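Working notes, beginning with the structure itself.
FYI, it's all coordinate maths here, none of it is from the lab. Treat the numbers as computed from the prediction; the structure is a model and nothing was measured. We place every Cβ from the backbone using ideal geometry, glycine too, and count neighbours over all the protein chains shown.
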Amino acid sequence: MSSLANAAPSRSSKLLNAVLWVAQTLVFVGFVIIGWMKLFKPIPELAAMWAWTGQLPAAVVRGLGIIDIAGGVGIFLPALTRIKPGLTVLAAIGCVALQICAMTFHISRGEIAAIPVNVIFLALSVFTLWGRRVQPVRPR
């Protein structure tokens, strides 16, 4: 066995892992909160915050809530439990795709003010996607 395999994780490796956990936690919390709101808040209350939610069928808004929650849970829980942690990378791909679609939707509607939140979640998701490929969580 090589000495690299026996070496303790480097300081930079530990730092990367810590920052990845912060990113994953932020995506998890943000996606679950936003998804929960889309899923359970009355549409008129949502429309007061986000006009588009009052202009789409309720089933679409509720479906997006489910997708948000699934993305947030998927980017965090498999890595946390170490059960199928590779699913974290797949969830990150889904979160990236979701944010690109959201930005396209908001831009098409002239809702430029909504874009910064999408850019933040996109950056966190891309970072998680890259980072968990470079430094994956090992399964149990």
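List of remarks:
- Rounded FRET efficiency, nearest 0.05, which uses the C-beta distance separating Val126 from Lys14 and R0 of 22 Å: 0.55
- Relative to the longest principal axis of the Cα atoms of the chain, the long axis of helix 115-134 lies at roughly 20 degrees.
- Residue by residue, segment 17-25 carries 3J(HN,Hα) couplings of 4, 5, 5, 4, 4, 4, 4, 4, 5 Hz when phi is fed to the Karplus relation 6.51 cos²θ - 1.76 cosθ + 1.60 (θ = phi - 60°); x denotes Gly or Pro.
- Sorted by Cβ neighbour density within 10 Å, fewest at the top, the residues Thr88, Thr53, Thr81, Thr25: Thr81, Thr25, Thr53, Thr88
- Charge dipole (debye, nearest 20) of segment 28-134; +1 at Cβ of Lys and Arg, -1 at Cβ of Asp and Glu: 340 debye
- Here the Karplus relation 6.51 cos²θ - 1.76 cosθ + 1.60, evaluated at θ = phi - 60°, turns the backbone of segment 51-58 into coupling constants of 3, 4, 5, x, 9, 10, x, 4 Hz, with x for every Gly and Pro.
- Tilt relative to the chain, helix 87-108 - C-alpha long axis, 0 to 90 degrees, to 10: 30 degrees
- Correct choice for P(r) over Cα pairs in 5 Å bins from 0, in percent that was computed from the model, options (i) 2, 8, 14, 14, 10, 7, 7, 8, 8, 7, 6, 4, 3, 1, 0, 0; (ii) 2, 8, 14, 16, 15, 14, 12, 8, 4, 2, 2, 1, 0; (iii) 2, 10, 17, 20, 17, 12, 8, 6, 3, 2, 1, 1, 0: (iii)
- Dipole-positive endmost among Ile107, Phe28, Pro44 within segment 1-113 (Cβ charges, Cα centre): Phe28
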